[in-house]
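Accompanying notes for the structure given below.
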Amino acid sequence: MTGRPRPKDEPAPPVATPEEPMGGRPDVTGEDALPGDRSRDELIARMIRVDQAGEYGAVRIYAGQLAVLGRTGSGEAIRAMAATEREHLERFDGLVAERGVRPTALQPIWHVAGYALGAATALLGERAAMACTVAVEEVIDRHYAGQAARLGEDEAELRATIETFRADELEHKDEALAHGAAGAPGYELLTGAVKAGSRLAIWLSTRI
Ligand SMILES: [Fe+2]
Ligand SMILES: [Fe+2]
């Protein structure tokens with residue numbers, strides 16, 4: 001810290017963000033928001049932007065899986081998960097419109113990358129597709145938990161939405177485990193790669 005005044009357009013120093021919790025302060029939207037924190041509206045906009053992008057990606061992952069596995073024994077379970085993701089996406093599409101949030105500019109990328117991830121893991125087999133779901137949902141569970149912890153009473157409704165969706169994602173994870181995800185060949189490698197990709201997608205979609 002040099003103490004020099006920070007030019008207007010220079011990025012602010014690190015603060016707690018939805019995806020990079022600094023710990024300590026539970027509510028960044030509540031009354032304990034500190035001077036110098038990224039503005040409350042921008043913080044909420046980033047949350048909604050990344051969540052809409054994530055739910056869009058989820059819809060595309062399941063579309064890719066269904067293109068390969070739609071007629072197999074896993075088809076029914078995947079269709080049910082896809083239906084939940086469409087509901088999640090609809091809700092965040094609504095929030096983007098209501099709150100005037102700029103959607104991610106990366107949607108065309110997630111359109112292709114989500115579908116490709118779903119189809120590629122499905123081509124490795126039903127259990128690999130389920131392992132992909134476990135990995136994505138584990139990352140989303142932590143992501144949503146982190147967001148919910150940062151929303152104060154002034155954003156109770158958004159927090160409730162996120163908590164509900166988080167519970168849905170955990171159900172998807174359990175469903176995928178029940179379908180033999182852990183028995184996928186190269187489970188650790190596969191889930192590790194999918195988690196890393198999901199975290200990168202979250203990081204990018206929060207900002208771009
Ligand atoms: Fe979802
Ligand atoms: Fe999900």
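The values are calculated or read from the model by the stated rules, or taken from the named source; none is laboratory data. Please read these numbers as outputs of a predicted model, since none were measured by experiment. Positions of Cβ are backbone-derived with ideal geometry, glycine not excepted, and every protein chain shown enters the neighbour counts. Please note that ligands, DNA and RNA were not included when accessible areas were found on the heavy atoms of the full protein model with its side chains. Shrake-Rupley method; radii C 1.70, N 1.55, O 1.52, S 1.80 Å.
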Practice problem: Report yes if residue 72 is within 22 Å of residue 189 (Cα to Cα), away from ligand 1 (no atom under 16 Å from the Cβ) and β-branched (Val, Ile, Thr), otherwise no. | Solution: no
Quiz prompt | Filtered residue count, region 93-107, keeping only those that are open to solvent by 40 Å² or more (accessible area, probe 1.4 Å) and among the aliphatic types (A, V, I, L, M) | solution = 2
Quiz item: Taking the condition more than 18 Å from residue 48 (Cα to Cα), touching a Ser or Thr at 6+ places or on another chain (Cβ under 8 Å) and open to solvent by 50 Å² or more (accessible area, probe 1.4 Å), does residue 172 pass?
Solution: no
Quiz prompt | Filter result for residue 76 (assigned to a helix (DSSP H, G or I), modelled with pLDDT under 95 and farther than 19 Å from residue 195 by Cα) | solution = yes
Exercise. Report whether or not residue 167 is within 15 Å of ligand 2 (Cβ to nearest atom) and exposed (fewer than 14 other Cβ atoms within 10 Å of the Cβ).
Key: yes
Quiz item: Under the condition of being farther than 18 Å from residue 112 by Cα and open to solvent by less than 20 Å² (accessible area, probe 1.4 Å), which residue from region 73-92 is farthest from ligand 2 (Cβ to nearest atom)?
Solution: 75
Exercise. Check 158, 151, 170, 124 and return the single one that is within 21 Å of residue 80 (Cβ to Cβ) and among the aliphatic types (A, V, I, L, M).
Key: 170
Quiz item: Out of curiosity, is residue 163 within 16 Å of the chain's Cα centre (by Cα) and within 15 Å of ligand 1 (Cβ to nearest atom)?
Solution: yes
Practice problem: Determine if region 64-72 includes at least one residue that is hydroxyl-bearing (Ser, Thr, Tyr) and either assigned to a helix (DSSP H, G or I) or crowded, with 21+ Cβ neighbours inside 10 Å (or both). | Solution: no
Self-check item: Filter result for residue 71 (within 27 Å of residue 151 (Cβ to Cβ) and either over 14 Å from the mean Cα position of the chain (by Cα) or modelled with pLDDT of 95 or more (or both))
Solution: no
Exercise. Just one of (1) open to solvent by 40 Å² or more (accessible area, probe 1.4 Å); (2) under 23 Å from residue 91 (Cα atoms); (3) more than 15 Å from the chain's Cα centre (by Cα) trips up residue 186, so point out which.
Key: (2)
